[in-house]
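Bear in mind these aren't lab numbers, they're just calculated from the coordinates by the rules spelled out. Since we're looking at a predicted model, the values are computed, not measured. Every residue, glycine as well, gets a Cβ built from its backbone with ideal geometry; the counts of neighbours run over all protein chains shown.
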Amino acid sequence: MDLALDAYTLTPNEIHQISQHNAYVSPFKTKAIASQFDDSNGEVILVCPTNDNTTRLRPMLIGGTSSKARWGSINNILFKVKRWQSIPHQNLIAIQGLYASLDVPLLTLVSNPPRLTIIQYLLQHPEYDRHKACVQVSEGLDYLHRHSIVHGAIRGSNILVNPDGTCVLGEFSAEHIPTESTLTRYANWIAPELVSAQRFKSFLIDNYYHDYNGEYKMPSDIFALGCTAIEIYTGSPPDTIRIPYDEVKTHTQLADIHREPTPLEEALIPKNVMSAITSMLQLVPNRRPHSGNAFKWLQHPERKRITARPPVLAKSMLWQAMRTDI
């Protein structure tokens, strides 16, 4: 499926059903709306000239070709919006809800963020504390992961900065599995397991060989966080990181591959911070830190790292142990 307009356009029946949902909002001052796509900052954003200047609109991609599959995709987005709204955080964009109409037949996410992305903000404020930005983004992501929400769209163009300098993580991806267009457009932030998922399954890595089809998971968010941290420090994300399948055949061989910092990264990123970032870019997803550790390691890069199970997994393991006959 491509990022063609048809992948965004809703049917009249879908619009009617969405308008009955409690996540529905109307952000417009008038009913007559001229709309167009604008991706000048790297994100597909809907521009509505009659809209209040403080409102940001993002059309959401509708997955599936059958009516049932499409409505399943829409329901997943509606559920995620309500879940996001129920857990506000200072480092997450404030989502008002979703909008759709016959005039603008798009499932549009409505939010009230600042206008500048972190990359745009850094161009205007080169003295800004980049370490602080990375810590705030990682704190927002950790908060999402602790509430079992996978983001799927972490990159510099989707990190926004408030007037007081606080960074907020932008809207989540509507995709469960990234489309070919997404894999191409955002290749520099895409975790390698999301590409050629069937080949990746051959490594028999836990949680990635049974019923895995290249969907976003928490470790792919951590990988994107590492790429975004490099982008914040250097102005550009790292070169695309992919698995050399012709050379690597086993899980052990894959785990032995480690990305080395570039000379520019070594010059601009503190050594301890770069070490934390490198851990997020491991090719084996399960070797990347969970969000809690990623946040702590970025917040206090000078401290000794202690690897711990993510809270959700630790709770599950404790429950299993309690149920085991001894």
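How about the stretch 111-154: which of its residues are among the aromatic types (Phe, Trp, Tyr) and either assigned to a loop (DSSP other than H, G, I, E, B) or over 16 Å from Ala294 (Cα atoms) (or both)? Tyr121, Tyr128, listed by residue number.
Looking only at residues in the stretch 155-173 that are touching a strand residue (DSSP E or B) at 6+ places or on another chain (Cβ under 8 Å) and assigned to a loop (DSSP other than H, G, I, E, B), the one that is surrounded by the fewest Cβ atoms within 10 Å (Cβ to Cβ) is Asn162. The condition (being without any contact (Cβ under 8 Å) to a residue 60 or more places away in the chain and closer than 19 Å to Trp297 by Cα) is satisfied by just one residue among Gly165, Gly140: Gly140.
Look through Ser202, Ser220, Ser196, Ser236 and report the one residue that is among the small types (Gly, Ala, Ser), free of Cβ contacts under 8 Å to residues at least 60 places away in the same chain and under 24 Å from Arg130 (Cα atoms). Write out each step before concluding.
Values: Ser202 fails: under 24 Å from Arg130 (Cα atoms); Ser220 fails: free of Cβ contacts under 8 Å to residues at least 60 places away in the same chain; Ser196 fails: under 24 Å from Arg130 (Cα atoms).
Every option except Ser236 fails the conditions.
Residues in the stretch 82-91 that are surrounded by fewer than 22 Cβ atoms within 10 Å (Cβ to Cβ) and in contact with a strand residue (DSSP E or B) (Cβ under 8 Å, 6 or more places away or on another chain): Gln85, Gln90, Asn91.
Which of the residues belonging to the stretch 236-270 are small (Gly, Ala, Ser) and surrounded by 14 or more Cβ atoms within 10 Å (Cβ to Cβ)? Within the stretch 236-270, Ala255 is the sole residue that qualifies. Looking at Ala187, Ala191, Ala197, just one residue is crowded, with 23+ Cβ neighbours inside 10 Å and of a type outside the set (D, E, K, R), and that residue is Ala191. When you scan the stretch 97-107, do you find a residue that is touching a helix residue (DSSP H, G or I) at 6+ places or on another chain (Cβ under 9 Å), in a loop (DSSP other than H, G, I, E, B) and under 29 Å from Thr234 (Cα atoms), even just one? No, the conditions are met nowhere in the stretch 97-107.
Of a type in the set (A, V, I, L, M) and assigned to a loop (DSSP other than H, G, I, E, B), is that true of Ile222? Don't jump to the end; show me each part of the working.
Numbers: of a type in the set (A, V, I, L, M): yes; assigned to a loop (DSSP other than H, G, I, E, B): no.
Spelling it out, it is not the case that Ile222 is of a type in the set (A, V, I, L, M) and assigned to a loop (DSSP other than H, G, I, E, B).
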